[in-house]
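**Student:** Before I ask anything, here is the structure I am working with.
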Amino acid sequence: MHLAIAIASLATACVLLFVQPRWWLPEAISAHARAYDAQLHVTLWVIGVLFAAAQGLLAFAVFRFRDRGQTPSATAGNHRLELVWTSVTAVAFLGLAIAGQGIWAAVHLQGAPNPLRVEVLAKQFAWSYRYAGPDGVFSAVEVKSIDDAGGNPFGVVDAKSDDIVTALLHVPAGRAVELRLKSRDVIHNFFVRELRIKQDVVPGMTIPLRFQAEKTGRYEIPCSELCGLGHHQMRSALVVMGAGEFEAWLREQQSR
Ligand SMILES: [Cu+2]
């Protein structure tokens, strides 16, 4: 009896945690983020209904068949029931995976025409961003030119290069952005909650990541892979600006 009440109360508390609006996801600032949230809602509803039904049945069975001094009876399994719930689970999980894969693929596999390209460099314990500058071409880099103290974390060879290197990621709202993520030492992770994108940055690899932010503002970029003693201070920000404001910012960077 008590166990049945405990199961029912715990299940209800879990469901209420998801239904309440207070502790929920931060604002979504891109079409991808909204598609992702919509998919998450579908998943939560499907799983939530199954969860509530399963816990309700469990509480009911515990209550209905509780020990009242009767002789225990044995059952020998039910093939049809097992077949049904295994199939229902398989269809639910595969269906949700297939429905969600398009959202994932859009970010990782499909390029947009004429994106703003930005190189992202992760190292213990900072983020750096590189823009191609007025000529639209990224200058050559080499390991021996890397000079963190001199403001050259990428190792740009040509001292007169017009490339722009910054500590914050500035992008215009409403334009496709294509990041190329690189790490100089260990695995880091590029994460922007409001874009619902999260990607490991792996040394030795150049990993593309695409997004299009629609709302201006400043959003945190915390490194989300434990990468060493200074991991907690490895944070940067995504600054989404209006198109005109971004052009002005770019010109200001170029004149430095
Ligand atoms: Cu890190």
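**Student:** Can you pull out every residue in segment 107-130 that is more than 18 Å from Val171 (Cα to Cα), hydrophobic (A, V, I, L, M, F, W, C) and open to solvent by 40 Å² or more (accessible area, probe 1.4 Å)?
**Tutor:** Leu109, Phe125
**Student:** What are the pairs with Cβ atoms under 6 angstrom where one residue, in segment 220-237, is of a type in the set (A, V, I, L, M) and the other, located anywhere, is near the ligand (Cβ under 10 Å from one of its atoms) and in a loop (DSSP other than H, G, I, E, B)? Sequence gap at least six, or different chains.
**Tutor:** Cβ pairs passing all conditions: Met234/Phe125; Met234/Cys223.
**Student:** Which of the residues spanning segment 198-220 are outside any loop (DSSP other than H, G, I, E, B) and farther than 19 Å from Met241 by Cα?
**Tutor:** Of everything in segment 198-220, those that are outside any loop (DSSP other than H, G, I, E, B) and farther than 19 Å from Met241 by Cα turn out to be Lys198, Gln199, Asp200, Val201, Ile207, Pro208, Leu209.
**Student:** Condition first: more than 12 Å from the chain's Cα centre (by Cα) and under 16 Å from Leu121 (Cβ atoms). Now tell me which residues in segment 186-222 satisfy that.
**Tutor:** Val186, Ile187, His188, Val201, Val202, Pro203, Gly204, Met205, Thr206, Ile207, Pro208
**Student:** Considering only segment 68-75, I want to know if a residue exists there that is surrounded by 13 or more Cβ atoms within 10 Å (Cβ to Cβ) and basic (Lys, Arg).
**Tutor:** The answer is no, given that none of the residues of segment 68-75 is surrounded by 13 or more Cβ atoms within 10 Å (Cβ to Cβ) and basic (Lys, Arg).
**Student:** Another question, if that's okay. Give the residue, chosen from Val157, Val186, that is assigned by TED's automatic domain parsing to the domain that holds Val239, open to solvent by 30 Å² or more (accessible area, probe 1.4 Å) and within 16 Å of the ligand (Cβ to nearest atom).
**Tutor:** Val186
The values are calculated or read from the model by the stated rules, or taken from the named source; none is laboratory data. In this text, all values refer to a predicted model and were calculated from it rather than measured experimentally. Every residue, glycine as well, gets a Cβ built from its backbone with ideal geometry; the counts of neighbours run over all protein chains shown. Heavy atoms of the whole protein, side chains included, go into the accessibility calculation; ligands, DNA and RNA do not. Shrake-Rupley method; radii C 1.70, N 1.55, O 1.52, S 1.80 Å.
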